[in-house]
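Everything on this sheet refers to the single structure shown next.
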């Protein structure tokens with residue numbers, strides 16, 4: 001549904017987006033992950049037709065976003081980082097107005113359906129100025145859905161929300177992804193890992209890695225890591241866990257807390273849990289230890305490790321110049 005080939009955007013001597021190649025299939029939720037200034041928003045503005053590229057091509061649902069811009073845009077629902085809302089309008093009147101602008105045949109029905117999907121029907125007659133940030137984001141999502149697009153492009157959809165609002169918007173995005181292709185940008189790793197099937201990491205305008213969130217983390221770490229907490233610490237815990245098939249090392253992190261290192265392709269969680277229960281040490285917690293956003297970017301973008309990364313089995317594009 002989204003095909004990008006050699007997409008480049010320059011502002012004078014500054015290259016904001018540098019030769020991007022990627023695709024997003026129907027029904028996928030793909031995360032576009034990168035720090036502020038990496039080129040995420042510029043890429044999304046080019047894909048939605050708000051900016052023209054310097055070089056390259058992009059197609060939405062088979063339509064070239066530049067030579068067939070209007071047809072491509074009919075398939076896109078766009079939520080920009082700053083949602084363009086009219087605070088003096090009610091939610092219902094705003095959505096009907098946006099449906100009319102987009103040429104939706106039955107704008108009343110479209111507005112009602114969008115409100116139901118985004119769970120804002122109870123705020124239909126409220127002026128937008130009185131809504132919380134979370135509800136404004138939902139209104140923004142509703143306007144992106146009015147014309148029944150095949151593709152949703154969401155730029156930092158949870159920015160500025162409180163924890164409860166973030167959870168609600170995540171659930172909504174996952175539900176929308178059942179029917180549509182979603183490209184979601186964020187600079188927050190948990191945001192991507194909890195919502196997306198696949199992640200594209202962008203740095204300085206280039207895609208430096210592409211994979212599923214779990215596999216990407218495991219590959220960058222070079223191993224899978226588990227944190228195991230037991231109720232009754234014992235010197236025997238580390239030795240018992242270390243003897244399990246696939247376990248490469250066991251570290252004592254704290255009183256009753258052990259970090260188990262295993263090969264990334266081997267899932268040792270069931271064996272670890274069974275060993276702790278069998279030993280009678282009382283399993284209190286078993287969880288994966290992932291890398292933080294900062295650690296991932298340090299590993300992907302540290303210049304002195306570039307040559308090393310090229311040799312690794314990671315989907316890295318032009319890493320030597322990243």
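Read-outs: derived from the displayed coordinates by stated rules, not from any lab. Predicted model only: the values in this text are computed from it and were never measured. Neighbour counts are summed over all protein chains in view; Cβ atoms, including those assigned to glycine, are modelled from backbone coordinates with ideal geometry.
Listed options for Cα Rg over 2.2 N^0.38 Å are [x] 0.98; [y] 1.04; [z] 1.17. The value calculated from this structure is the one marked [z].
What does the extension gain come out to for residue 289 and residue 23, with contour length at 0.36 nm per residue minus their alpha carbon separation? Don't jump to the answer; show the numbers that get you there.
Numbers: separation 266, 0.36 × 266 = 95.76 nm, distance 2.94 nm.
Once the chain is fully extended between residue 289 and residue 23, it gains 92.8 nm.
Within segment 223-288, the proportion of Cα pairs with more than 16 Å between them is 32 percent. Label separation (residue 269 vs residue 171): 2.2 nm, computed from points 7 Å beyond Cα along the C-beta direction. Going 7 Å from the Cα of residue 55 toward and past its Cβ, which residues in segment 1-28 have a backbone nitrogen under 17 Å from where you end up? Residues 4-22 fall inside that zone. Full extension of the chain between residue 70 and residue 239 gives 54.4 nm of extra length, using 0.36 nm per residue less the Cα-Cα distance. Percent antiparallel among DSSP beta bridges with both residues in the chain, to the nearest 5? For the chain, the DSSP antiparallel bridge percentage is about 65.
Based on DSSP H segments of at least four residues, each scored -39500 (n - 2.57), the chain has a per-residue ellipticity at 222 nm of -10000 deg cm²/dmol. With the simple model of a label 7 Å out from the Cα in the direction of the Cβ, residue 10 to residue 82 spans 2.8 nm.
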